[in-house]
Each structure stands twice: as structure tokens, then as C-alpha cells.
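Read through the structure below, which is laid out as C-alpha cells, and then see the notes.
The values are calculated or read from the model by the stated rules, or taken from the named source; none is laboratory data. All figures in this text were calculated on a predicted structure; none of them were measured in a lab. Here the Cβ positions follow ideal geometry from the backbone for every residue, glycine too, while neighbour counts run over all protein chains shown.
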Amino acid sequence: MKDLIVGCATNYDWSKLKYWVNSINESGFTGDKVLVLMNCDKETVGKITDAGFSIIGFNQDKDGNLTYQSNLMVHVERFIHIYKILAKNDYRFVITTDVKDVIFQKNPSEWLEKNLPDSEDLLFSSESIRYKDEPWGRQNLTECFGEGIYDDFKNNTIFNVGVIGGRGYAMKDLMLNLFVHSINRPIPIVDQAVFNQLISRHPYLKTSKYTVSEDGWACQLGTTADPSKINEFRPHLLEPSPKLEGDKVVTSTGIEYTIVHQYDRVPEWRKVIEAKYDDK
């Protein structure tokens, strides 16, 4: 049974997508690679296809560009498109991530084979900070669910919706759960709040692996290394910050991360990472 990496994007061209695409190809991943593209120019579509990715599009204009109109935010709508893919295909492991600010340093299949026990179906990655200590997350959760839910959640560690992995059947159901719980909310960007609300409850607590940054699965640099925020966040971080060694992002003990998220928040690291995964 094959594995899958899948992402979703709209209004990005090759200059934004190439680092995600190229890093996956350099990671040694051998499963299916799928990108749901809503609005995208013909040239970029061709480059992604040439890189070995399957594209799911919706409409084309007379020039061959992909076009799509929706009242939903892409952050929310992506879940239903990924669900439909998984409803039609059986996969062993599925990894879905954001695309503009994510790179794969290693093959995610190998990490999952070694670290996801048979008793666990899903894999989540920590932002290394609690809700009460992260202003954007605190406001987002409150606006989505109200003060009462925030008060219940404020001491919870935040997990990032931009990097999720797990077994195919469990990922399929999670994608649908995230979609149906995200629509008709009072604010448009609700995926992070809905995700954290769901996974903080059973049955997820008994069936999922909640990784910390130091595990080396994925780092969330928006909270752990962003130079514009780190002085504010550092006293509240629950573990050490990642570091850059050469052209690799590693844990404080030198473990190379499989996935690096939000690298564009750290300008000096961004230069190194984009140079590494630029077109050769």
C-alpha cells in the first residue's frame, strides 16, 4: 500500500510552490504526490506535473490556466478536497501540509514507519507554546468559539494544523471532521482553532501521537524561531528552539527535522533553505 503527500493551494505560482515540490522530490519519498490547485497559471501547472506530481484542478480558462471560484477560505475548503481523494484511494500513510512555507528535509514515510506505533492512527506537531501565551492563537480561538471555550483551553499546548500525518483511513475521517466543523463559523480563518478543539478530546487523545518539536518530526518556526516574536515567546516556550546547522534545521540536540514549517518567518534561514531547494 502506497503513501501520499498532499497539499492544496490557490493563487500561487512556481516561485512560491517550487520549494515544497523540490524538497519532496529530494527527500526520497516514493509514494503518490498530489497538489490540489484552484487558481494557477498554465506554466506553473506544467512544471508541477513535470516534477512528478498529480494535479487536481477544477476549471480552465481559454489560455489553459486553472480557475476556481468559491466562497470558502482555502484553509477550510482544502479539507473536503483531501477527504474526497482519500475516499477514493487506500493509502498506508498520508501527510498533508501547507505548501508555501513548508519543506521536507527527510522522507516522512521513514519517520512514520519508525515512530508511529500500531496503537496510534494520527500524528500532530506542537507549536511549543500554550494558548494563553500566544496572542494570535488566543484571539483566533476566542473569536471562533467564545470566551468560555478559550477559558477551558487556555492552558493547552497549541498544535499546528499546517502539518498533519497518519494512517490513510484515519486521515480521511479527520479531514471530513475538520471541514464540517469549520463551516458556518463567525470568522473565516478557523482551521487552527477547530483542529485544536477536536484533537483535545476523545477519541483522538487515545488514538493519536502528539509530537513535540524535540522529537524531530516537524518544527513550527512561527512560535519557536521567528526573530520578530522570539523575545516575547521565549519565556513561555515549552522546549528549546530549533537551530540551523549548515543548510539543515535541527533540534537543540542536533536531530534533523523531517518537516520544517514557517521557515519564511526567519529571514536568514529562508535564504539558506530556498537556495538549497531552488531549481537546479
Considering every residue within the stretch 138-157, establish whether at least one is under 20 Å from the mean Cα position of the chain (by Cα), at pLDDT 95 or above and not in a helix (DSSP H, G or I).
yes
Under 7 Å between Cβ atoms, at least 6 apart or on separate chains: pull out the pairs that start in the stretch 137-154 with a residue that is of a type outside the set (Val, Ile, Thr) and end on any residue that is crowded, with 20+ Cβ neighbours inside 10 Å and not in a helix (DSSP H, G or I).
137/158; 144/190
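Among helices (runs of 4 or more DSSP H) lying entirely in the stretch 1-99, which contain 1 or more residues that are within 19 Å of the chain's Cα centre (by Cα), at pLDDT 95 or above and within 23 Å of residue 195 (Cβ to Cβ)?
Details: elements: 14-26, 42-50, 74-88.
Because the criterion is at least 1 residues that are within 19 Å of the chain's Cα centre (by Cα), at pLDDT 95 or above and within 23 Å of residue 195 (Cβ to Cβ), the helices (runs of 4 or more DSSP H) in the stretch 1-99 that meet it are 14-26, 74-88.
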Can you tell me which residue among 190, 180, 163 is surrounded by 14 or more Cβ atoms within 10 Å (Cβ to Cβ), closer than 18 Å to residue 73 by Cβ and at pLDDT 95 or above?
190
Exception for residue 232 within (1) crowded, with 18+ Cβ neighbours inside 10 Å; (2) over 25 Å from residue 18 (Cβ atoms) falls at (1)
